[in-house]
Structures are given as C-alpha cells and as structure tokens.
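Undergrad: Just dropping this structure here.
Read the figures in this text as sums done on the coordinates, not as results from a lab. All values reported here derive from a predicted model rather than from experimental measurement. Here the Cβ positions follow ideal geometry from the backbone for every residue, glycine too, while neighbour counts run over all protein chains shown.
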Amino acid sequence: MEGVFIEKNEIYLQFPYCEQGNLHHWLHKINPLQKHEIKREKHEIKSVFRNILQGIAYLHNYNIIHRDIKPKNILMTKNTPKICDFGASKQLFNFTITQTMGIGTFKYMAPEVISQEAPSSFKSDMYSFGVMLYESFFGELKYSQEGTVIIPKSENEHLTNLLKKLLDKDPNNRPSANECLAHPYFSISSIEDAKRNKSLIESDKKN
C-alpha cells in the first residue's frame, strides 16, 4: 500500500498499479499484433518463482500462513511478483485448529486440507506453491490411480525432484520455503542465471 487518504469522511487506499496483471496473465501473455501466446523462457519463470518463494518464506518467518496461494493472488509488475489477497491468511498465534479447515481455492489446496485430516499450515502453502510451479511448466495436474501427482519427465532433474517433494501427499515430507530456496533447482540456477546475465551484458557491450 502506497498511501491512505481521507476526504469528506471517506477513506481511500492507494495501491501500486501492477501493469502485467496476475501470474496467469504473465505466463500466458498474448502478442497484441500476432494474437498468439508469448512463451516465457524457463529462466524467467524460475526467477519469478524464486521471488514468490522469498515472499512466502518472509510470511512464514513471521508465522503467517497465506492459505490461498494461487496465480490470481500473485500480481506482476516489471516482471516482479507481489503476493496479494490476505483475506484468508492467519498468523499462528491464539487461534484454534478448526479455524484453518477448508480454506483456500480447491484446485490449489493440499490433500490434507481438502480431506480435513489436518489444518492449513506452512506445508499446505508449500503444496499450493508446488501446484503453481507444476502448472507453469506442465499445465494441469495429472494423477495416478493411487491419487498421487504424476510428475512428467523433464530435462531439469532438479525441477522434477523439487516438484515431487512439494506435491507429496504427506505434509511432513514437503520442504519449507527456506529449504526450497536452498534446493539445487533454485540455488544452482541462481549461479547459472548470473552467468547467463553476465554473458548477455558482455555480448551487448561488444555489439
């Protein structure tokens, strides 16, 4: 929020304008002239999801669970994500387990929350993050007969490994946000992206 204004007993809240819409709009941007979808580069997607993960880690460090992580609640401006809509969020102090049951958007809800076997938690936020990451590369989730998520083969073994952990039916097996940031998919790619950006800059200077 950028400001609060009061005029004639009316309160106005000023928020920054996110010109790229939400994460879904960003991932599926349409070329206005050729009317076809502009495919995002894998390193672009990685960078955006790393930033989202840093935001989730920040919330969790303050004992806040969002409970409705999904593309529509990630706004984009200048290729930078902003987590929004905290209407369902809760801070993990002085509230009962029943208050956290069945909250969120079904498609992105963790299995234990849907079945009401366990309340929303940091790990259910991580499952929602995993669904978004999966969709950004492979589209809709696919399930086996046993009800587990089928992870498609990928040229990036680190991505496959991370998705398997994030989308595990057992919340105890899912990594935390900070553990995800330390996972090779994000930690190693940070170095690779830095090298790629450096080579692009050097190439531009030569030209």
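Undergrad: Please sort by residue number the GluC sites (Glu not before Pro) in the range 118-193 whose DSSP state is loop and whose Cβ has at most 14 other Cβ atoms within 10 Å.
TA: Glu140, Glu146, Glu155
Undergrad: Turning to a different aspect of this structure: Can you sort Asp68, Asp125 from fewest to most other Cβ atoms within 10 Å of each residue's own Cβ?
TA: Starting with the residue having the fewest Cβ neighbours, the order is Asp68, Asp125.
Undergrad: Quickly work out the Thr77-to-Phe137 label distance, labels modelled 7 Å from Cα along the C-beta direction, and quote it in nm with one decimal.
TA: 3.0 nm
Undergrad: So if R0 is 25 Å, what FRET efficiency would Phe5 and Asn63 give, r being the distance between their Cβ atoms, rounded to the nearest 0.05?
TA: After rounding, the FRET efficiency stands at 0.20.
Undergrad: So which of Lys78/Lys169; Lys39/Lys90; Lys8/Lys72; Lys29/Lys164; Lys72/Lys169; Lys46/Lys90 end up more than 31 Å apart by C-alpha?
TA: In this structure, Lys78/Lys169; Lys39/Lys90; Lys8/Lys72 exceed 31 Å between Cα atoms.
Undergrad: Right, something else. Does anything in the range 151-192 have its amide N under 20 Å from the 7 Å Cα→Cβ label point of Ile114, and if so which residues?
TA: Backbone N within reach: 151-152, 163-175.
Undergrad: Hey, fewest Cβ within 10 Å first, where do Ser121, Ser89 land in order?
TA: If I rank by nearby Cβ atoms, fewest first, I get Ser89, Ser121.
Undergrad: So, R0 is 30 Å and r is the distance between the beta-carbons of Asn178 and Glu155; what FRET efficiency does that work out to, to 0.05?
TA: Given R0 = 30 Å and the Cβ-Cβ separation, E is 0.65.
Undergrad: With each label point set 7 Å from Cα along the Cα-Cβ vector, what nm distance links Asp170 and Lys29?
TA: 4.2 nm
Undergrad: Something else: What is the gain in length, in nm to one decimal, between Ser144 and Phe106 on full extension, counting 0.36 nm per residue of separation less the C-alpha to C-alpha distance?
TA: Computed gain between Ser144 and Phe106 is 11.8 nm.
Undergrad: Let me ask something else about it. If each residue of separation counts as 0.36 nm, what is the full-extension length gain between Glu44 and Gln14 once their alpha-carbon separation is subtracted?
TA: 7.9 nm
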